[in-house]
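Reviewing the structure listed below.
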Amino acid sequence: MSEERVDRSEGFGERLLGLLLDRARLMPPQLIAPLIAEEVARIGGRDVSILLQDYAQELLVPLPGRQLHVSQPEPVDGSPAGRAFLRAEIVEVPQAHGVRMYLPLLDGSDQVGVMALTLDAVADDDRRLLGRLAALVADMLVTKNAYTDQFFLARRREPISVSAEIQWNLLPPLTMSLPQVEVAGILEPAYRVAGDSFDYALNDNILHIAVIDAMGHGLDAAVMATVAIGAYRHARRVFVSLAEKYAFMDDAISRQFGPDHFVTAQLMHINIATGELELVNAGHPAPLLIRDGQVVRRLESATTLPVGFGGEPPRIREHMLQRGDRVLCYTDGIIDERVHGGEPFGEERLIRCVNRLGEEPSEWARADLRRLSHTLKSERGGRTSDDATLFMIEWHGGAADHLAVLD
């Protein structure tokens, strides 16, 4: 009986991607961009640009490099590159001599940036191959980023403080998007942030979330935030309950800094299969529950002392989310900012801004969070005198174990 032979011959697409993989493995970081431009040229592409998100999440900044097309930074809002970045989709712009393509660079669901190039004409085969090429390019940039400063330097649009340097190296990816849940976070001021931070991890069906605000400003606050997040991560990996996480963080801060220092914290568990939410609120403003674009209530919880004060074991408050619900966490830097007349911005103004945003067509949580951040900046007159954090979770539901990953 004859056996059916599997065709293992190398096609054009495999050869293109394979050569990029084979050559990139041992290539120094500064030659990655020229290598990408060279590979794109094999399929007739030209004027290749690699655009990376700046720290303030306002611009897509071209990566300099030989054989790359380096132009002016493109705004995340209102540009074809920004649309590809925010919506995670290919955007095509017809030109006099071809089509300019903007391909999102996604490492998993983390937004790395955008790859732009021009082709004479675009067919479905081009879109498929270039989409896979962009995914490979994103992985390569993330890998090479771990041992070079070149990509960090390209993303910086102004001098950065030491405290902000520490915080940006502490953060997880700013976005995560899965069929069941999406998260997005923003820190301000991007180049001077100190005590604010957030962290998250998805372990099986449980999304673990922490939003913190260390007292003070500058380097002391950044060091305290580092200890708090480090203790949280350690507790997350050895303990289970929110109460244990709180106790572990509390002990770490009090031992390291003494009784006069503290960190406010918001800790959550969200079961992404069922929508069950557990909350410990240690000194933060209550998160806002957004349903159908409008704030429907605050997610209240029993009062718990900030981390570091040796408080009693916290009482955990449980809430139930509905599909499509969003939870907005924020630190007091958002609502305590002084506006016209010297009065605090306040929670009611924040809620009005959220509701006004909800009257417009909804986009991905990460895009809507950016729009909210810009609205708040405008309402506060562009001022950010204290650290300010926005962190949004959107729950869609469905167990990860039951999703088909292959056709």
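The distance between label points at Thr148 and Leu129 comes to 2.5 nm (points 7 Å beyond Cα on the Cα→Cβ vector). Solvent-accessible surface of the stretch 76-128, averaged per residue with a 1.4 angstrom probe and all protein chains in place: 43 square angstrom. With each label modelled as a point 7 angstrom along the Cα→C-beta vector, the His396-Thr274 pair spans 2.2 nm.
Remark: the stretch 329-375 carries 45 Å² of accessible area per residue (probe radius 1.4 Å; ligands, DNA and RNA excluded).
Residues of the stretch 105-139 falling in the label zone of Trp364, defined by backbone nitrogen less than 13 Å from a point 7 Å along Cα to beta-carbon, are 105-115. Screening the chain for whole DSSP H helices with an alpha carbon extent of at least 24 angstrom along the helix axis and a mean Kyte-Doolittle hydropathy of at least -0.5 yields 124-145, 218-238. Given their separation in residues at 0.36 nm each and the Cα-Cα distance between them, Ala88 and Leu19 gain 22.3 nm when the chain is fully extended.
Shape analysis of the chain yields a ratio of the Cα radius of gyration to the Kirkwood radius, Rg/Rh, of 1.00.
Each Lys and Arg adds +1 at its Cβ and each Asp and Glu adds -1 at its Cβ; summed about the Cα centre, the stretch 21-96 shows a dipole of about 280 debye. Each Lys or Arg adds one and each Asp or Glu subtracts one; over the other residues with Cβ under 13 Å from the Cβ of Pro259, this totals -2.
Dipole magnitude for the chain: computed about the Cα centre from +1 point charges on Lys and Arg Cβ and -1 point charges on Asp and Glu Cβ, it is near 540 debye. Carbon-plus-sulfur accessible fraction, the chain (probe radius 1.4 Å, protein heavy atoms only): 51%.
Glu379 label point, 7 Å along Cα→Cβ, cut-off 16 Å on backbone N: hits in the stretch 327-342? Within reach of a label on Glu379, which here means backbone N under 16 Å from a point 7 Å along Cα→Cβ, the stretch 327-342 contributes 328-342. Note on Ala41 and Arg356: the extension gain reaches 108.8 nm, defined as 0.36 nm multiplied by sequence separation minus the Cα-Cα distance.
Alpha-carbon geometry of the stretch 179-287: the Rg and the Dmax are 14.0, 43 Å, given in that order. Segment Glu158..Asp77, full-extension length gain: 27.2 nm, with 0.36 nm per residue of separation and the alpha-carbon distance subtracted. Projecting the Cα atoms of Ile212, Ser197, Ala146 onto the charge dipole of the stretch 143-228 (Cβ charges, centred on the Cα centre) puts Ala146 farthest toward the positive pole. Accessible area per residue for the stretch 234-299, computed on protein heavy atoms with a 1.4 Å probe, is 42 Å².
Measuring how big the stretch 254-407 is from its alpha-carbon positions, Rg and Dmax come out at 17.4, 60 Å. Think of the stretch 268-396 as a dipole: +1 on every Lys or Arg Cβ, -1 on every Asp or Glu Cβ, centred on the Cα centre; then among Ser362, His284, Leu328, Ser362 lies furthest on the positive end.
The values are calculated or read from the model by the stated rules, or taken from the named source; none is laboratory data. Just so it is clear, the structure is predicted and the values come from calculations on it, not from any experiment. Cβ: placed from backbone, ideal geometry, glycine included. Neighbour counts: every protein chain shown. Accessible surface areas use protein heavy atoms only, side chains included; no ligands, DNA or RNA. Shrake-Rupley method; radii C 1.70, N 1.55, O 1.52, S 1.80 Å.
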